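Step one of this worksheet: look at the structure below.
The values are calculated or read from the model by the stated rules, or taken from the named source; none is laboratory data. Quick caveat, the model's predicted, so the values are computed rather than measured. When we count neighbours, we look across all protein chains shown, and the Cβ atoms used for this are built from the backbone with ideal geometry, even at glycine. Ligands, DNA and RNA are stripped out before the accessible areas are found, and what is left, the full protein with its side chains, is counted by its heavy atoms. Shrake-Rupley method; radii C 1.70, N 1.55, O 1.52, S 1.80 Å.
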Amino acid sequence: MRSRGRLTWWAAFAVFGVIGTTWALSIAPMGAPDEIAHSRRAVAVARGQFTTEVRWLETPALRAPQTRVEIPFGYAQGFAIGNELTNCWVNDLSTPVSCAPRPASTPGPPKENVTYVGSYQPLYYLVAGLPSRWLPPSTGWYAMRIVSALIAAALLASAAVSVGELARGPWSIVGAAAALTPSVLFLSGAINPNGVEIAASLAVWTTLLAILAGRGAPPGRGLLRLGVAAVVLASTRPTSPLLLVIIVAVVLASSATRERGAELWASPGFRALVAVVGVALVANLAFVVANESLGNVIHTNVAERPTSELVRLGFELTPGWLDEALGSLSWIGYGAVQLPVWARWLWWSVVGAVVLLGLVRGSNRQRAVVALLAAACVAGPVAATVLEPEVQWQGRYALPLLVGVPLLAGLGADRREPGWRWAGRERLVASGLLVVVAGCQVVAHQQLMVRNLLGLPNRLLRGILHAPWHGPLPLLALLAMAAVGSAGFLALALAGIWRPAPSPGHEPVGVTDRADSSGRT
């Protein structure tokens with residue numbers, strides 16, 4: 001079992017590493033959300049500049065926090081929001097990114113500049129910014145993205161191992177696959193802690209569920225995966241400590257039993273894990289409070305509105321936020337790039353099928369948790385809009401929680417009597433849905449490349465082979481990498497679905513045992 005888990009981890013790491021690297025090399029320089037600010041923070045922290053002092057820039061349109069940093073001139077061009085590398089195309093989807101100058105080939109002398117994420121926790125930036133110490137912007141920006149992509153790949157590989165331990169049917173695997181939306185993969189290849197945050201959250205969801213579903217002392221490898229993911233999650237963004245607490249609470253509400261809790265607490269390894277994660281959580285909370293990180297964000301000057309109007313506005317924007325969480329492939333407000341409508345409908349159909357099946361088959365407890373989590377993911381952004389209308393909400397902010405909806409629903413959908421006579425047909429249907437997911441991943445990458453090379457609207461692959469491209473790899477190489485990554489993703493998922501079913505004596509508690517109407521096993 002250990003050797004299979006190790007093999008799965010390395011295979012998944014290779015697959016997600018290829019996918020993340022493909023996105024990292026395909027996004028135009030500074031073309032990911034807030035990448036200008038995050039890259040400057042990373043370059044500064046990698047050089048030992050841990051300052052978090054904030055001064056506010058006041059303009060008629062917005063109020064922005066600014067932290068002064070001194071970084072090489074090549075990494076400090078332009079303003080904190082605008083940049084020479086993006087100004088010609090950010091507000092015009094029809095303009096190819098080839099209009100922009102190429103990144104500097106030399107770092108240049110130190111120059112003072114500003115970033116508006118200076119009060120964020122420094123751990124992610126310390127690691128992601130290391131390549132900038134030795135590489136010029138022309139290669140350093142891509143190298144920083146690849147570092148971020150590999151961190152996310154390691155966390156997603158841990159999630160893949162945990163899903164394999166947890167799944168007792170095809171729907172858990174389909175739910176986990178549907179949770180990895182194109183937005184998640186796009187962000188994994190950007191200089192932005194949000195991508196690592198989402199990957200870490202998925203690893204926490206899956207690994208904690210797998211540990212709760214087991215018997216006896218938790219395995220050391222599982223505790224290590226959970227500990228690393230939880231510490232990374234707590235350390236990425238100002239809201240991450242709260243997200244970690246919510247995820248743990250939801251998992252406990254979904255799967256914990258008193259007997260399993262006592263069994264786990266009797267394990268010294270589990271108690272050590274709780275202590276380490278607790279220290280990391282308290283340390284990050286203290287950092288966020290001390291530096292007022294939650295309040296140090298860009299505030300747009302908006303007219304005052306009554307609460308009822310803000311509530312209505314929030315619900316009107318909800319479909320757009322959900323589409324952003326699914327397939328936003330750009331910086332919101334700077335020429336938004338999204339999946340084609342038909343691809344979005346296909347992906348939502350997969351998610352909807354898993355959630356519906358989970359609500360039908362799951363125990364009362366599972367149904368309640370899935371329904372409440374989905375409702376919270378809708379109500380949370382609406383509440384944020386009412387409480388702070390001057391802070392623009394984006395769909396990607398909710399992804400650490402949203403990924404739990406199809407995952408938990410998939411677990412509920414797999415809850416059925418042993419010997420279910422439709423099991424073989426269900427595997428075929430689930431396999432077809434995985435083909436849809438993998439195909440939409442390829443479509444998402446091609447949509448970004450069409451935007452980069454030709455501008456939108458244009459048909460997928462139409463004319464891009466003859467368009468100018470200034471990226472670090474040839475276009476055909478990127479398209480091949482995207483296809484290989486999605487094929488590997490599909491192969492991993494199908495291997496999980498079609499593996500031999502475990503013998504009844506090795507079933508984990510709480511997954512295949514039939515629950516009564518109250519949800520107790």
Q. Is there any pair with a first residue in the range 298-321 that is over 23 Å from P33 (Cα atoms) and a second that is open to solvent by 90 Å² or more (accessible area, probe 1.4 Å) and not in a helix (DSSP H, G or I) whose Cβ atoms are under 8 Å apart and which are 6 or more apart or on different chains, and what are they?
A. L313/R305
Q | Failed item in (1) touching a helix residue (DSSP H, G or I) at 6+ places or on another chain (Cβ under 8 Å); (2) at pLDDT below 80, with H466 passing the rest | A | (1)
Q. Of the residues that sit in the range 213-245 and are small (G, A, S) and touching a Ser or Thr at 6+ places or on another chain (Cβ under 7 Å), which one is most open to solvent (accessible area, probe 1.4 Å)?
A. A217
Q) Out of all the residues in the range 441-461, which are of a type outside the set (S, T, N, Q), farther than 13 Å from S94 by Cα and without any contact (Cβ under 8 Å) to a residue 40 or more places away in the chain? A) L461
(Q) Condition first: open to solvent by less than 60 Å² (accessible area, probe 1.4 Å), assigned to a helix (DSSP H, G or I) and among the β-branched types (V, I, T). Can you find one or more residues in the range 96-111 that meet it? (A) yes
Q. Going by the structure shown, is T307 β-branched (V, I, T), out of contact with any Lys or Arg (no Cβ under 6 Å at 6 or more places or on another chain) and more than 30 Å from M30 (Cα to Cα)?
A. yes
**Q.** helices (runs of 4 or more DSSP H) completely within the range 180-240 that count 1 or more residues being farther than 21 Å from V43 by Cβ and under 8 Å from the mean Cα position of the chain (by Cα)
**A.** 182-188, 193-212
Q: Answer with yes or no whether P137 is over 30 Å from L285 (Cβ atoms), open to solvent by less than 30 Å² (accessible area, probe 1.4 Å) and either without any contact (Cβ under 8 Å) to a residue 12 or more places away in the chain or under 26 Å from the mean Cα position of the chain (by Cα) (or both).
A: yes
Q: Keeping to the range 273-297, report how many residues are among the small types (G, A, S) and open to solvent by less than 40 Å² (accessible area, probe 1.4 Å).
A: 4
Q) Of these, A104, A44, which one is of a type outside the set (K, R) and touching a residue at least 40 places away in the same chain (Cβ under 8 Å)? A) A44
Q: Can you tell me which residue within the range 301-332, out of those that are over 17 Å from A190 (Cα atoms) and in a loop (DSSP other than H, G, I, E, B), is most open to solvent (accessible area, probe 1.4 Å)?
A: E304
Q) Which of the residues belonging to the range 32-62 are touching a Lys or Arg at 6+ places or on another chain (Cβ under 9 Å), assigned to a loop (DSSP other than H, G, I, E, B) and either farther than 15 Å from V117 by Cα or among the aliphatic types (A, V, I, L, M) (or both)? A) A32, R47
Q. Can you name the condition, by its number, that R361 falls short on among (1) closer than 30 Å to T257 by Cα; (2) modelled with pLDDT of 95 or more?
A. (2)
Q) Is one or more of the residues making up the range 259-266 touching a helix residue (DSSP H, G or I) at 6+ places or on another chain (Cβ under 9 Å), surrounded by 17 or more Cβ atoms within 10 Å (Cβ to Cβ) and among the small types (G, A, S)? A) no
**Q.** Tally of residues being part of a helix (DSSP H, G or I) and over 24 Å from the mean Cα position of the chain (by Cα) across the range 280-300
**A.** 3
**Q.** Candidates L494, L434 - the one that is under 25 Å from A178 (Cα atoms), open to solvent by less than 30 Å² (accessible area, probe 1.4 Å) and at pLDDT 85 or above
**A.** L434
Q.
Looking at (1) within 19 Å of F16 (Cα to Cα); (2) buried (at least 24 other Cβ atoms within 10 Å of the Cβ); (3) of a type in the set (A, V, I, L, M, F, W, C), which one does I151 not meet, given that it meets all the others?
A. (2)
